[in-house]
Amino acid sequence: MDLGVLLPSLIPSLQSVYVLVSYFVYLAVAGELLPGKVIRGVVLSDGSQLRYRCNGLFALTLLVAILGISAKLGIVSPLVVADRGLELLSATFIFCVLVTLVLYISGRSSSDKTSSLKPHVSGNLVHDWWFGIQLNPQFLSIDLKFFFVRAGMMGWLLINLSILAKSVQDDSLSQSMILYQIFCALYILDYFVHEEYMTSTWDIIAERLGFMLVFGDLLWIPFTFSIQACNCVFDNEPVHRNFILLSSWHGWWLLHNKVQLTVPAIVANCFVFLIGYMVFRGANKQKHIFKKNPKTPIWGKPPVVVGGKLLASGYWGIARHCNYLGDLMLALSFSLPCGISSPVPYFYPIYLLILLIWRERRDEVRCAEKYKEIWAEYLRLVPYRILPYVY
Ligand code: NDP
């Protein structure tokens, strides 16, 4: 790896800072001004409920339209992200460090007693900075947790689109790239169509906002989930080669390992995506609907409910985290277009497997504490964690 080329490219240029700041300003303004369903979050331990304006789909569509028109008019280059991947990554990293230091300081000095803002201080600086101090800190009345995850998911799509533009420009658009782009775009759009479901997820309801979450949302999601796509472009550009090498994953993997997908392979890939989507969306939807109204039928039958609080039918009667299974299948479907000759493009599903197993264990501990004997009964009824008969 040529460090002489790599290191200077890690220093964010003014333009990359400008891109990042413009992006955040757009999201902040669009999030506040654009119309969208206002959803009440889960009831917090002090009985309060936060409100979330779910206008992400509108904000994303408008942003893509603005960028598309600006690109057509020559105001913005569609390659601005693809050409500045490494700089944007380091600018984002610096932002994550700075913003979490501010969160640490403001969290420690807060005397707020509400569940969302009450400081949780262990006294260990690294621990408190990493895991965060407050549950739902705000800035100018913007819920930062909701804002950052939105920025990460949209950023993933924008990186993909920029890489797509690059591959079209380089005349290297492949079947694999098209499949990857379609699957990811559908996944991200679906996320925003169902943005309100996010308000009852573990990250929003249980995780405090520290470096772990901010880094995960702003840097990890957009920059690592797009690895397969990065494989497809950046020929003969040392900076980008080093970006890929530094990321240690693929080094233009698809570009230099042209994958010839057979029709059965494409069909199988689509099948994994569709089944994964059905399980992922179905499970998350069932839980969300159940939380709103525990009497809503599940798969056309009255729900099986444990202790009046836990759903034990539908996907939640097959395994205790079927939603994770669906997500893992989706992640796999994003990598399958790269073929199976190398583990390199499988970074995302492998990472997600580790993350979700760890998360599932933490969630179980939390649920066991919260629901006590009800949870024990649920464990008896639904013995599998993620994959029925296996795990
Ligand atoms: P869940 O949406 O599964 O939420 C877990 C919570 O749901 C529990 O703490 C409990 O909360 C409630 N719950 C658990 N079991 C039941 C039940 N049987 N009936 C009713 N309520 C139940 O977890 P996550 O927030 O972790 O995940 C949400 C989605 O996000 C998943 O699909 C996951 O795959 C995805 N995800 C994706 C990541 C990625 O990097 N791609 C990373 C993390 C998540 P309560 O106390 O409210 O009852």
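Cα-based radius of gyration for segment 280-391, normalised by 2.2 N^0.38 Å, reads 1.19.
Within the accessible area of the chain, the carbon and sulfur atoms contribute 68%, probe 1.4 Å, all protein chains present. Quick check: from the Cα gyration tensor, does the chain come out rounded (a/c under 1.5), prolate or oblate? Because a/c hits 1.5 or more and a/b fails to exceed b/c, the chain counts as oblate. Per residue, the accessible area of the chain comes to 47 Å², computed with a 1.4 Å probe over protein heavy atoms only.
Test of understanding: in a Gaussian network model of the chain with alpha carbons linked when under 10 Å, which of R84, R366, R320 would top the mean-square fluctuation ranking? For the chain, modelled as a Gaussian network with Cα springs under 10 Å, the answer is R366. By the rule of a C-alpha distance below 24 Å, with chain neighbours fewer than 8 residues away ignored, the lysines paired with K309 are K285, K287, K291, K292, K295, K301, K370, K372.
Computed packing ranks the peptides 164-177, 58-71 as 164-177, 58-71, most packed first, by mean other Cβ atoms within 10 Å. When the chymotrypsin sites (Phe, Trp or Tyr not before Pro) in segment 283-369 are filtered for DSSP coil states and for at most 13 other beta-carbon atoms within 10 Å of their beta-carbon, the remaining sites are W299. Packing, taken as the mean count of other beta carbons within 10 Å per residue, orders the peptides 111-121, 139-149 from highest to lowest as 139-149, 111-121. Summarising the amide proton neighbourhood of V81: residues at separation of 5 or more, or on other chains, whose placed amide H is nearer than 5 Å comprise an empty set. Placing unit charges on the Cβ atoms of the charged side chains and taking the dipole of segment 80-222 about its Cα centre, the candidate lying farthest along the positive direction among S172, L209, P119 is P119. In terms of the Cα gyration tensor, with a ≥ b ≥ c the square roots of its eigenvalues, is segment 1-135 rounded because a/c is under 1.5, prolate because a/b exceeds b/c, or oblate? Oblate. Farthest toward the positive end of the dipole of the chain, out of S333, L89, V382, is the Cα of V382, where the dipole comes from beta carbon charges about the Cα centre. Relative protection proxy for 184-197, 215-228, 301-314, from highest mean packing down: 215-228, 184-197, 301-314 (other beta-carbon atoms within 10 angstrom). In percent, rounded to a whole number, the relative contact order of the chain is 15, using alpha-carbon pairs under 8 Å and six or more apart.
If the chain linking K292 and T61 were pulled fully straight, counting 0.36 nm for each residue of separation and taking away their Cα-Cα distance, it would gain 80.3 nm. Using a simple spin-label model with pseudo-atoms 7 Å out from Cα toward Cβ, S13 and V102 lie 2.6 nm apart. At an R0 of 41 angstrom, the distance between the Cβ atoms of L379 and I178 translates into a FRET efficiency of 0.40. Placing R0 at 51 angstrom, the Cβ-Cβ distance between I94 and W299 gives a FRET efficiency of 0.60 after rounding to 0.05.
The angle separating the long axis of helix 263-292 from the principal Cα axis of greatest extent in the chain is about 40 degrees.
From its DSSP helices (H runs of at least four residues, each -39,500 (n - 2.57)), the chain gives a residue-normalised ellipticity at 222 nm of -18500 deg cm²/dmol. Rounded to the nearest 10 degrees, the inclination of helix 144-169 to the longest alpha-carbon principal axis of the chain is 30 degrees.
The values are calculated or read from the model by the stated rules, or taken from the named source; none is laboratory data. These numbers were taken from a predicted model, which means no experiment stands behind them. Glycine gets a Cβ as well: all are built from the backbone with ideal geometry, and neighbour counts include every protein chain shown. In case anyone asks, the SASA skips ligands and DNA or RNA and just uses the protein heavy atoms, side chains included. Shrake-Rupley method; radii C 1.70, N 1.55, O 1.52, S 1.80 Å.
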